[in-house]
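Q: Sharing a structure, written as structure tokens. Questions coming.
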Amino acid sequence: TTKLSNRVQAVKPSATLAITARAKELRAAGKDVIGLGAGEPDFDTPDHIKQAAIDAIKAGFTKYTAVDGTIELKHAIIAKFQRDNGLDYAPEQILVSCGGKQSFYNLAQAVLDPGDEVVIPAPYWVSYPDMVLLASAAPVLVQAGAEQRFKITPNQLRGAMTDKTKLVVINSPSNPTGMAYSRDELEALGDVLRDFPRALIATDDMYEHILWPDRGAFVNIVMACPDLLPRTMVLNGVSKAYSMTGWRIGYAGGPEAVIKAMKKVQSQSTSNPTSIAQVAAQAALEGPQECIGEMLSAFKERHDLVVERLNAIQGIECLPTDGTFYVFPKVQGLIDALDGVRTDLELAEQLIEQAGVALVPGSAFGAPGYARISIATSRENLENALDRLARVAG
Ligand code: PLP
């Protein structure tokens, strides 16, 4: 048998995708399973975006494009960064990739060497640590539990930084916790980052638009600390804001030298993202933005329902979030109460097999004792799932 590389053996497959696959498997076998694992909106891609792609196919826009994205899409991204974030980029500072996932992958491959450390607040998006390992660098996890609203403090950040720190990751609003850093909190983190000029910063703004309106306007680390711009990579994409997860378009804005290196990585892996999807992404960014607001109010209504009902269940404690389509309840009480269940992984297994509810165990995000529940499913599904959870909890 083939010996697999040490590199690939050091990482695990995405746990969120695994739970979705298991739910599908059980459903195919005739079991009634409600999936609360989804990492994507349950809304359709808006029609004007689809139409732009259909027109592109008909017009024959079906060949290679520039590796780093069409100039038209880059201009749409530059306009978006100006409009929403007050950031000014030149086309050479923009890279379009096959999803936000590839943006981060390219970044890791472009800047990390063995021995480098990457500071990742936990709970984290499942892919950060593994993509860092694939680049032969070391993730340094900083734990932030519910008692601190899943946000790291400046002191914690300082404690994690060393002269080996090459990259610091900030994801706000966060997958899986739904929490967002305030401007004040970001300014305080920025004060620490200024003392470590060697470290790059990656702000993953994928959930920028899925922020409850009463939480104020979106802010990221460079909007809070403009002097950090020369060493900050802003990562974003159309997947979540426009229900376009299958189109695979993400983008990055940042220092030209790093963008150029990321482009080189991409040129030797995927080349350009799909030509047709790029036209669709351009239509998303340049077209009417009302679709976002409609989705947002549906998510907020479901969020309010789910948080209230979860907190009524014995053994579950759930903080209200700032945004995203996830909630991240503490389920340790339920784990302690159920026979034969010792960990959040075993809880997730028992819930999927016996209660017909699929959620993702917190361990997948570096937070044992918690679970991620996706509210990107119908109200009816959510109510049924909550009934089932309440029944299990007794
Ligand atoms: N960043 C975060 C925090 C995410 O949750 C996701 C998707 O789950 C991504 C990036 C990647 O999104 P994409 O589907 O565009 O690759």
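No value in this document is a laboratory result; all are computed from the given coordinates. This one's a predicted model, so the numbers in the text were calculated from it and none came from an experiment. All Cβ positions, glycine included, derive from the backbone under ideal geometry; neighbour counts span all protein chains shown.
Q: Roughly what % of DSSP beta bridges within the range 61-286 run antiparallel, to the nearest 5?
A: Looking only at bridges with both residues in the range 61-286, the antiparallel portion is about 30 percent.
Q: Under a Cβ-only charge scheme (Lys and Arg +1, Asp and Glu -1), can you give me the dipole magnitude of the range 87-161 about the Cα centre, in debye to the nearest 20?
A: Dipole of the range 87-161, to the nearest 20 debye: 300 debye.
Q: Sticking with this structure for a sec: Net charge near MET179, counting Lys/Arg +1 and Asp/Glu -1 over other residues with Cβ under 9 Å of its Cβ?
A: +1
Q: Let me ask you something else. Taking 0.36 nm per residue of sequence separation and subtracting the Cα-Cα distance, how much length would be gained by fully extending the chain between ASP113 and SER5, in nm to one decimal?
A: 37.2 nm
Q: So, in Å, what gap is there between the alpha-carbon centers of the range 175-203 and the range 35-110?
A: What the calculation gives is 25 Å, centre to centre.
Q: Next up: Semi-axes, largest first, in whole Å: what does sqrt of 5 times each Cα gyration tensor eigenvalue give for the range 61-286?
A: Taking √(5λ) for each Cα gyration eigenvalue gives 27, 20, 16 Å.
Q: Also: Dividing the alpha-carbon radius of gyration of the range 249-375 by 2.2 N^0.38 Å (N being the number of residues), what value is obtained?
A: 1.47
Q: Now for a separate question. Can you tally the net charge around LYS151? Count Lys and Arg as +1, Asp and Glu as -1, for every other residue whose Cβ sits under 14 Å from the Cβ of LYS151.
A: Cβ neighbours under 14 Å give a net charge of -2.
Q: Related question: Ranking ARG372, ARG158 by Cβ neighbours within 10 Å, fewest first, what do you get?
A: Going from least to most buried by this count: ARG158, ARG372.
Q: In deg cm²/dmol and to the nearest 500, what is the mean residue ellipticity at 222 nm of the chain if only DSSP H runs of at least 4 residues count, each as -39500 (n - 2.57), divided by the residue total?
A: Dividing the helical sum by the residues of the chain leaves -12500 deg cm²/dmol.
Q: Taking neighbour Cβ counts within 10 Å as the exposure measure, how do ILE57, ILE170 sort from fewest upward?
A: Ordered by Cβ neighbours within 10 Å, fewest first: ILE57, ILE170.
Q: Next up: Determine the gain in length on full extension of the stretch ARG183-LYS58; use 0.36 nm per residue of separation and subtract their C-alpha separation, reporting nm with one decimal.
A: Stretched fully, the ARG183-LYS58 segment lengthens by 40.4 nm.
Q: Just list whichever of LYS151/LYS260; LYS3/LYS24; LYS74/LYS263; LYS50/LYS260 have alpha carbons separated by over 23 Å in the model shown.
A: Distance filter (> 23 Å) returns LYS151/LYS260; LYS3/LYS24; LYS50/LYS260.
Q: Under a Cβ-Cβ cut-off of 14 Å, what is the net charge of the residues other than PHE328 that fall near it, where Lys and Arg count +1 and Asp and Glu count -1?
A: 0
Q: Next question. Top mean-square fluctuation among GLY315, GLY60, GLY145, Gaussian network model of the chain, C-alpha springs under 10 Å?
A: Looking only at GLY315, GLY60, GLY145, the largest GNM fluctuation is found for GLY60.
Q: Let me ask something additional. Would you mind checking the tilt of helix 183-193 against the longest principal axis of the Cα atoms of the chain, expressed as 0 to 90 degrees and rounded to 10?
A: On a 0 to 90 degree scale, this one is about 70.
Q: Shifting gears a bit: Can you sort ASP191, ASP214 so the residue with the fewest Cβ neighbours within 10 Å comes first?
A: Fewest-to-most ranking of ASP191, ASP214: ASP214, ASP191.
Q: Taking just the C-alpha trace of the range 245-303, give me its Rg and Dmax in Å.
A: In order Rg, Dmax, the Cα atoms of the range 245-303 give 15.7, 44 Å.
Q: Still on this structure, please answer the following. Pick from ALA146, ALA371, ALA59: which is most flexible by mean-square fluctuation in a GNM of the chain where alpha carbon atoms under 10 Å apart are linked?
A: Between ALA146, ALA371, ALA59, it is ALA59 that shows the largest mean-square fluctuation.
Q: Taking the Cα atoms of the range 11-72, what is the range of coordinates along each of the three principal axes, in descending order and whole Å?
A: So the three principal-axis extents are 45, 33, 18 Å.
Q: Additional query: Report Rg(Cα)/(2.2 N^0.38 Å) for the chain, keeping two decimals.
A: Taking N as the residue count of the chain, the ratio is 0.97.
Q: Can you pull the one-decimal nm distance between simple spin-label points at ALA79 and GLN289, each 7 Å off the Cα toward Cβ?
A: 1.2
Q: Measure out, as a whole number of angstrom, how far apart the alpha-carbon centroids of the range 128-173 and the range 233-255 sit.
A: Between the Cα centre of the range 128-173 and that of the range 233-255, the gap is 22 Å.
Q: Over the chain, what is the percentage of antiparallel beta bridges among all DSSP beta bridges, to the nearest 5?
A: Bridges in the chain that DSSP calls antiparallel: roughly 45 percent.
Q: I've got another one for you. Expressed as an acute angle from 0 to 90° and rounded to the nearest 10, what is the orientation of the C-alpha long axis of helix 15-28 relative to the principal long axis of the chain?
A: The helix 15-28 is inclined about 60 degrees to the chain.
Q: Relative to the longest principal Cα axis of the chain, at what angle does helix 256-267 sit, 0 to 90 degrees, rounded to 10?
A: 70
Q: Something else about it: I want to verify a result. In a Gaussian network model of the chain, Cα cutoff 10 Å, which of these has the top mean-square fluctuation: GLU187, GLU117, GLU380?
A: Per the Cα network of the chain with a 10 Å cutoff, GLU380 tops the list.
Q: Stretched out fully, how many nm does the piece from ASP336 to ASP214 gain, at 0.36 nm a residue minus the Cα gap?
A: 40.4 nm
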